[in-house]
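Right, one structure below, let's go through it.
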Amino acid sequence: MIIVKSREEIELMRESALIVSKTLGMIASEIKEGVTTLYLDKLAEEFIRDHGAVPSFLGLYDFPNSLCMSPNSQVVHGIPNNTPLKSGDVISVDCGAFKNGYHGDHAYSFEIGEVAPEVKKLLKVTKESLYVGIREFKAGNRVEDVGNAIQKYTEGHGYGVVRELVGHGLGQKMHEEPEMPNYGKRGRGKLFIEGMVVAIEPMINMGTKNIKQHKDGWTITTADGKPSAHFEHDVALIDGKPELLSTFQYIYKALGIESNEEDEFRKVPLVL
């Protein structure tokens, strides 16, 4: 069952989402060659708690940390460890925060030092596909309209779209209905309803769409060992149109990037 949110609930969710956004912005200032993911995880937990929230992932389904940190061929659910990051790495940082009874949950894939041009392109196309998908989250459309748009865009560049892992509804629980796959056929799936909130998150592989799960029960990698990229936003359906609750602007401020990619999904521009 899809749980529709009131405007008041959506504003509470925006607060949770923006705590995640700010956490990722803090991580953007700290993530670099020689830093360990376990160190970054500790910083994130402290930051989330200092902002009056609780890390959503810590203990969720017995996950041991506050961040999922998935470098290179890891797709998602990577467990932070003491291995230093190195130049040329790319890493998905997925973060959740729980405040006022609601979750925020989104992700960004970072470049460490000098990254190969073909990997840069993978990240660029995957992030673009996120917005391609968000545009389809509107009144009159259905779940697979979003997935179909993401699939066409990324497969058009020769990439593999992961099938086993999907986006999801979001609210008082981290994972609510509907599931939001990154593939599909137009016109299929549940109809979008005013007040829905979803996490849309393309997980795109440079090579094969196939993945494998490791013995730790969490880590998922590409079957061919090629890099994967992952970007995620929290989006509400308001007045029949998608509105972002999360933002990458804190990341961009930390990295010195100027972007207006989110403007079409906000009634009021985000002011930092």
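The values are calculated or read from the model by the stated rules, or taken from the named source; none is laboratory data. Computed from a prediction, not measured in an experiment: that's the story for all the values here. Please note: Cβ atoms are built from the backbone with ideal geometry, for glycine as well, and neighbour counts cover all protein chains shown. Heads up: the accessible areas ignore ligands, DNA and RNA and are worked out on the full protein's heavy atoms, side chains in. Shrake-Rupley method; radii C 1.70, N 1.55, O 1.52, S 1.80 Å.
For this structure, a couple of remarks:
Each row is one residue, and each column tells you yes or no for (1) closer than 28 Å to E243 by Cβ; (2) open to solvent by less than 30 Å² (accessible area, probe 1.4 Å); (3) under 14 Å from the mean Cα position of the chain (by Cα); (4) in contact (Cβ under 8 Å) with a residue 60 or more places away in the chain.
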{"residue": "P55", "(1), (2), (3), (4)": "yes, yes, no, no"}
{"residue": "L67", "(1), (2), (3), (4)": "yes, yes, yes, no"}
{"residue": "K121", "(1), (2), (3), (4)": "no, no, no, no"}
{"residue": "Y131", "(1), (2), (3), (4)": "yes, yes, yes, yes"}
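- Cβ-Cβ under 7 Å pairs, at least 6 apart or on other chains, region 134-155 side open to solvent by less than 60 Å² (accessible area, probe 1.4 Å), far side in a loop (DSSP other than H, G, I, E, B) and hydroxyl-bearing (S, T, Y): G147/Y183; Q151/Y183
- The residues on offer are I10, I19, I27, and the sole one that is over 20 Å from L255 (Cβ atoms), in a helix (DSSP H, G or I) and open to solvent by less than 20 Å² (accessible area, probe 1.4 Å) is I10.
- Test for A107: is it open to solvent by less than 30 Å² (accessible area, probe 1.4 Å) and touching a residue at least 12 places away in the same chain (Cβ under 8 Å): yes
- Annotation note: Cβ proximity below 7 Å between a residue of region 1-22 that is among the polar types (S, T, N, Q) and a residue that is open to solvent by less than 30 Å² (accessible area, probe 1.4 Å) and modelled with pLDDT of 95 or more (sequence gap 6+ or interchain) occurs for S6/G195; S16/A53; S16/A97; S16/Y102; S16/H103; S16/G104; S21/S246; S21/T247.
- Scan of region 176-200 for residues that are open to solvent by 10 Å² or more (accessible area, probe 1.4 Å), of a type outside the set (A, V, I, L, M, F, W, C), in contact (Cβ under 8 Å) with a residue 60 or more places away in the chain and part of a loop (DSSP other than H, G, I, E, B), ordered by number: K190, E194
- Verdict on G78 being open to solvent by less than 50 Å² (accessible area, probe 1.4 Å), small (G, A, S), in a loop (DSSP other than H, G, I, E, B) and over 18 Å from T23 (Cβ atoms): no
- Meets criteria (over 23 Å from V4 (Cα atoms), modelled with pLDDT of 95 or more, open to solvent by 50 Å² or more (accessible area, probe 1.4 Å) and out of contact with any Cys (no Cβ under 7 Å at 6 or more places or on another chain)) for A254: no
- Region 207-239, residues that are outside any loop (DSSP other than H, G, I, E, B) and closer than 18 Å to K121 by Cβ: T222, S228, A229, H230
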